[in-house]
Amino acid sequence: MSRLQLITLDLDNTLWDVEKTIRAAEQDLIFWLQTNAEPAHQIYVSNDLLELREQTLRQHPNLRHDLSRLRIEILSNVMRKAQYKEQEARNLAKAAFEVFFAGRNRVAFFPGALEMLKTLSERYPVYALTNGNADASRTGISPFLKGAISSALVGASKPDPSMFHAALNQAGTSAQYCVHIGDHLHDDIRGADAVGMHSVWVNLQQSERADSDPSPTREVNQLSDIVAAVTAIEASLSA
Ligand SMILES: [Mg+2]
C-alpha cells in the first residue's frame with residue numbers, strides 16, 4: 001500500500017504561466033469594454049483604475065482572497081464612475097467579468113503538465129490548492145483532481161495554515177502523508193513546511209534560493225521530474 005495519501009498542487013505558475021494568461025484575458029476584456037461600454041473603457045485604461053481597485057478593497061477587505069468577486073466589484077465601480085445606472089452597472093460588470101474569466105481559464109500549460117497530472121492522479125488523490133481564481137473544470141484539469149481548495153472558499157490565502165488544513169481535512173489524512181507541489185517559496189514551500197507537509201518546489205526559472213528561504217523536500221526544474229521527486233519522498237517514508 002502506498003504510504004503517501006495526498007498530493008496538493010498549486011496551479012498558477014506551477015501548471016501554466018499565469019502572467020501570460022492574465023495579460024491575454026485583460027486584452028479580451030479591454031476589447032469588449034471598447035465595443036460594449038466605451039465610457040467604462042476610458043476609465044478602465046486610465047490611472048483611475050488603481051484608485052478604484054483600492055477603493056473597492058477598502059469597501060470589501062475580505063475580497064482580497066476572492067479574486068473573482070473582487071474583480072466583479074471593481075468592474076461595477078468602473079461602470080458607476082462611467083455614470084451607468086445601478087442595475088446596468090451590475091449587468092455590464094458581470095458580462096465584462098465573463099469575458100475576462102473565459103480568457104483566465106484559457107491557460108497555456110507548461111510542457112509536461114498534463115502528463116505529470118495524469119500519472120500523479122493514477123497513483124494518489126490530487127487536490128488543487130490555489131490562491132487564484134482559475135476554474136479547474138474550465139481549464140480542463142478536473143478529470144485529474146479529487147478536490148479543489150481555493151482561497152475564496154477558505155477565506156484565507158497560502159501560506160495561511162487553514163488552506164493546507166482544509167485539504168487535509170477533506171482528504172481525511174494528516175500532513176506527514178502529504179506532498180505539496182508549488183512554485184512559490186513563501187506561499188507554497190514555507191506554508192507546507194509550517195503544517196508538516198513534504199514539498200516539491202517547482203523552480204522552472206532555476207532561481208537561486210537564499211539561505212533565509214524555506215528549503216523544500218525536493219526541487220525540480222521541469223515538470224517531467226515531479227513524479228520522480230514524489231516517488232523519492234514516498235520511498236523515504238517507508239525507509
Ligand atoms: Mg503559484
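The values are calculated or read from the model by the stated rules, or taken from the named source; none is laboratory data. These numbers were taken from a predicted model, which means no experiment stands behind them. Because the Cβ atoms are built from the backbone with ideal geometry, glycine has one as well, and the counts that use them run over all protein chains shown. Surface accessibility is based on the protein's heavy atoms, side chains included, excluding ligands, DNA and RNA. Shrake-Rupley method; radii C 1.70, N 1.55, O 1.52, S 1.80 Å.
A few remarks follow.
- Of all residues making up region 191-208, the number that are within 13 Å of the ligand (Cβ to nearest atom) and part of a helix (DSSP H, G or I): 2
- Scanning region 142-182 for residues that are in a loop (DSSP other than H, G, I, E, B), closer than 16 Å to Pro125 by Cβ and open to solvent by 50 Å² or more (accessible area, probe 1.4 Å) turns up Lys146, Gly172.
- Which numbered condition Asp211 misses (of (1) more than 16 Å from the ligand (Cβ to nearest atom); (2) open to solvent by less than 80 Å² (accessible area, probe 1.4 Å)): (2)
- Helices (runs of 4 or more DSSP H) completely within region 1-92 that count 2 or more residues being within 16 Å of the ligand (Cβ to nearest atom) and under 30 Å from Val227 (Cβ atoms): 18-36
- Among (1) in contact (Cβ under 8 Å) with a residue 60 or more places away in the chain; (2) open to solvent by 30 Å² or more (accessible area, probe 1.4 Å) - the single one Asp48 does not satisfy: (1)
- The lone exception for Arg138 - which of (1) surrounded by 15 or more Cβ atoms within 10 Å (Cβ to Cβ); (2) of a type in the set (D, E, K, R); (3) more than 16 Å from the ligand (Cβ to nearest atom) it fails: (1)
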